[in-house]
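Asks: Sending over a structure as structure tokens; questions will come in a sec.
The values are calculated or read from the model by the stated rules, or taken from the named source; none is laboratory data. Note that this is a predicted model, so its numbers are computed, not measured. In this analysis, Cβ positions are derived from the backbone assuming ideal geometry, glycine residues included, and neighbour counts consider all displayed protein chains. Just so you know, the surface numbers come from the protein's heavy atoms only, side chains and all, with ligands and any DNA or RNA stripped out. Shrake-Rupley method; radii C 1.70, N 1.55, O 1.52, S 1.80 Å.
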Amino acid sequence: MVDAPHTPAAERFAAACGAEALGTNLRNRLLLKGPGRAGLDAAAGRAVPGHRLVHWSGRCPDELVDSYARAWGALETAANGQAAVRRPAAADVRAREAEAERAGHRPYVTAAVDTAGEVVGYATLFVRDSPMADAGETLVVAGRRRRGLGSWTKAALLSRAAAENPHLALVQAWNDVRDEASLALNRRLGFVGDSSWTTYAVKA
């Protein structure tokens with residue numbers, strides 16, 4: 001597979017090579033310094049009744065890992081080109097944490113937990129020794145959507161990561177151009193799309 005800027009010239013070249021377009025992703029960026037930060041902090045303060053936020057960096061708390069795995073299993077689309085895991089368990093969570101550590105990333109997670117202690121939504125971010133961090137997935141389980149959980153959770157995650165990592169200046173997120181819900185959520189938090197990239201399957 002090959003990624004290329006989503007431009008007419010790239011499309012013509014791909015067609016001439018017999019390549020098949022598999023999908024197009026929009027790159028969204030959020031500046032963590034400047035006037036936009038106030039709006040992010042305000043969104044982080046808009047709590048959703050009946051829920052609390054739990055934050056961690058690195059290892060998921062043992063008491064939440066099974067519930068977190070179940071929520072992860074509800075993810076309907078791959079995030080940032082990563083393949084979805086079917087019916088993940090606690091061991092899959094630990095494996096992903098170990099993989100991030102090997103890659104030099106510090107995973108930040110904020111989870112929305114209901115009164116029964118179940119994770120009903122979460123957002124992830126990967127921080128490294130760079131002024132830019134990469135957003136992972138943001139998810140709210142079916143039946144809890146359209147209550148503001150996604151915006152609250154992601155805003156709180158980004159606000160916390162920015163406060164704990166003064167070197168962070170920018171967050172990058174990739175979204176399928178057909179994923180209207182994720183695109184709308186990012187726009188509400190101040191992300192701005194700056195370029196689109198298409199993935200092509202090249203025939204041997």
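Asks: Based on what the data block shows, is ARG96 open to solvent by 30 Å² or more (accessible area, probe 1.4 Å) and in a helix (DSSP H, G or I)? Steps first, please.
Replies: Values: open to solvent by 30 Å² or more (accessible area, probe 1.4 Å): yes; in a helix (DSSP H, G or I): yes.
It is true that ARG96 is open to solvent by 30 Å² or more (accessible area, probe 1.4 Å) and in a helix (DSSP H, G or I).
Asks: A further question follows. Yes or no: ASP66 at pLDDT 95 or above, open to solvent by 80 Å² or more (accessible area, probe 1.4 Å) and not in a loop (DSSP other than H, G, I, E, B)?
Replies: It is true that ASP66 is at pLDDT 95 or above, open to solvent by 80 Å² or more (accessible area, probe 1.4 Å) and not in a loop (DSSP other than H, G, I, E, B).
Asks: Can you find even one residue in segment 168-191 that is surrounded by fewer than 19 Cβ atoms within 10 Å (Cβ to Cβ), over 15 Å from the mean Cα position of the chain (by Cα) and under 21 Å from ALA74 (Cα atoms)?
Replies: yes
Asks: Does SER151 satisfy being in contact with a helix residue (DSSP H, G or I) (Cβ under 8 Å, 6 or more places away or on another chain), open to solvent by 10 Å² or more (accessible area, probe 1.4 Å) and polar (S, T, N, Q)?
Replies: So SER151 fits the description; yes.
Asks: For ALA21, indicate whether it is in contact with a strand residue (DSSP E or B) (Cβ under 7 Å, 6 or more places away or on another chain) and of a type in the set (Gly, Ala, Ser).
Replies: It is true that ALA21 is in contact with a strand residue (DSSP E or B) (Cβ under 7 Å, 6 or more places away or on another chain) and of a type in the set (Gly, Ala, Ser).
Asks: So the check is Cβ under 8 Å with 6+ separation or different chains; which pairs have a first residue in segment 94-108 that's acidic (Asp, Glu) and a second one that's open to solvent by 50 Å² or more (accessible area, probe 1.4 Å)?
Replies: From segment 94-108, the pairs are GLU97/ARG59.
Asks: For segment 21-39, enumerate the residues that are of a type in the set (Lys, Arg) and open to solvent by 70 Å² or more (accessible area, probe 1.4 Å).
Replies: Of all residues in segment 21-39, those of a type in the set (Lys, Arg) come to 27, 29, 33, 37.
Within segment 21-39, ARG29, LYS33 qualify.
Asks: Would you check which residues across segment 24-49 are within 14 Å of ARG160 (Cα to Cα), part of a helix (DSSP H, G or I) and of a type outside the set (D, E, K, R) and list them?
Replies: First pass over segment 24-49, keeping only residues within 14 Å of ARG160 (Cα to Cα): 32-33, 37-45.
Filter once more, keeping what is part of a helix (DSSP H, G or I): 37-44.
Listed by number, the residues that qualify are ALA38, GLY39, LEU40, ALA42, ALA43, ALA44.
Asks: Another one. Let me confirm something: among GLY73, GLY50, which residue is surrounded by fewer than 18 Cβ atoms within 10 Å (Cβ to Cβ), at pLDDT 95 or above and out of contact with any His (no Cβ under 8 Å at 6 or more places or on another chain)?
Replies: GLY50
Asks: For segment 147-196, name all the residues that are under 26 Å from GLY50 (Cα atoms) and either of a type in the set (Lys, Arg) or part of a strand (DSSP E or B) (or both).
Replies: Of everything in segment 147-196, those that are under 26 Å from GLY50 (Cα atoms) and either of a type in the set (Lys, Arg) or part of a strand (DSSP E or B) (or both) turn out to be ARG147, LYS154, ARG160, ARG187, ARG188.
Asks: For segment 176-204, which positions are in contact with a strand residue (DSSP E or B) (Cβ under 7 Å, 6 or more places away or on another chain) and farther than 19 Å from ALA10 by Cβ? Give the steps one after another, and end with the answer.
Replies: Let us first name the residues in segment 176-204 that are in contact with a strand residue (DSSP E or B) (Cβ under 7 Å, 6 or more places away or on another chain), namely 176-177, 182-183, 185-186, 189-202.
Across segment 176-204, the qualifying residues are SER182, LEU183, LEU185, ASN186, LEU189, GLY190, PHE191, VAL192.
Asks: Looking only at segment 99-130, filter to residues that are outside any strand (DSSP E or B) and open to solvent by less than 40 Å² (accessible area, probe 1.4 Å); which one of those is nearest to ARG147 (Cα to Cα)?
Replies: Of everything passing the filter in segment 99-130, GLY117 is nearest to ARG147 (Cα to Cα).
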